[in-house]
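Here is the structure we will look at.
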Amino acid sequence: MRDAFGSRFISFLLNPSIILSFFFFISCSSEPVSTVNPLANRGKQIYMANCISCHSPDPRQDGPLGPAIHGSSKELLEYRLLKRSYPPSYSPKRPSTLMPRFEHLAGDIEALTSYLNE
């Protein structure tokens, strides 16, 4: 009796439709497949690690202290992150002096720009 069940179970598992279904379900993920470039992926990691305490996790939305920053130019990011100021002739959304310098991000501004402009 046990052998009959075992052989039917093995036949069931080796059924091609069961195998394909298995691989389909394990390939599904709750995380969407990223279609962005690696530089933007790096920028997102930097943003999530350094910016979301003041800006929203979604850069298109205002945060508790900082404005939405989606679409920020490289020049604006350089001024804000490295100099705590604004580029000449730029009108800030929220003029403030709350934002500290992020000099440690000097080498990552291009990645941040890529993420914020996708």
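The values are calculated or read from the model by the stated rules, or taken from the named source; none is laboratory data. Source: prediction; values computed, not measured. Ideal geometry is used to build each Cβ from the backbone, glycine not excepted, and the neighbour counts take in all protein chains shown.
Among the residues of the stretch 47-95, those that are under 13 Å from the mean Cα position of the chain (by Cα) and either hydroxyl-bearing (S, T, Y) or more than 10 Å from L116 (Cβ to Cβ) (or both) comprise Y47, M48, A49, N50, I52, S56, P57, D58.
Taken over the stretch 57-115, the criterion of being under 13 Å from I46 (Cα atoms) and among the hydroxyl-bearing types (S, T, Y) is satisfied by T113, S114, Y115.
Among helices (runs of 4 or more DSSP H) entirely within the stretch 1-113, having at least 1 residues that are modelled with pLDDT of 90 or more and out of contact with any helix residue (DSSP H, G or I) (no Cβ under 6 Å at 6 or more places or on another chain) singles out 38-50, 74-78.
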